[in-house]
Amino acid sequence: MRARIIRIGNSKGVRLPKSLLERSGLEGEVELEANDGEIIVRAAEHPRAGWEEAFAEMSARGDDELLDGEQLGSSSWDDEEWEWA
């Protein structure tokens, strides 16, 4: 399929046919990559994709313990300075 590079405001762009977008499954945000003689358009990755599974694996291995240890009870600052609403 061929398309023309067209002027869009102060930029240039390519109009993507609906059938091409439907076949690719692309929608919303995409990532662009430029190489010699080509521009690659791919689905944008979600920043926290896979975190839930990774945290579940950490928990199963016991790697999710607090680094600064347990905070038992309250401190004198909590008791004397802090005003609980």
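For the reader, a short list of remarks on this structure follows.
- Using just its DSSP H runs of length 4 or more, each adding -39500 (n - 2.57), the chain gives a mean residue ellipticity at 222 nm of -7000 deg cm²/dmol after division by all residues.
- Temperature 10 °C, viscosity 1.306 mPa s: under these conditions the Stokes-Einstein estimate for the chain, based on its Kirkwood radius over C-alpha pairs, is 83 µm² per second.
- Percent RCO, i.e. relative contact order, over the chain, from Cα pairs under 8 Å lying at least 6 residues apart: 12 percent
- Shape of the stretch 23-63, Cα gyration tensor, a/c cut at 1.5: prolate
Throughout, read-outs are computed from the coordinates displayed, never taken from laboratory work. Please read all numbers here as calculations on a predicted model, not as lab measurements.
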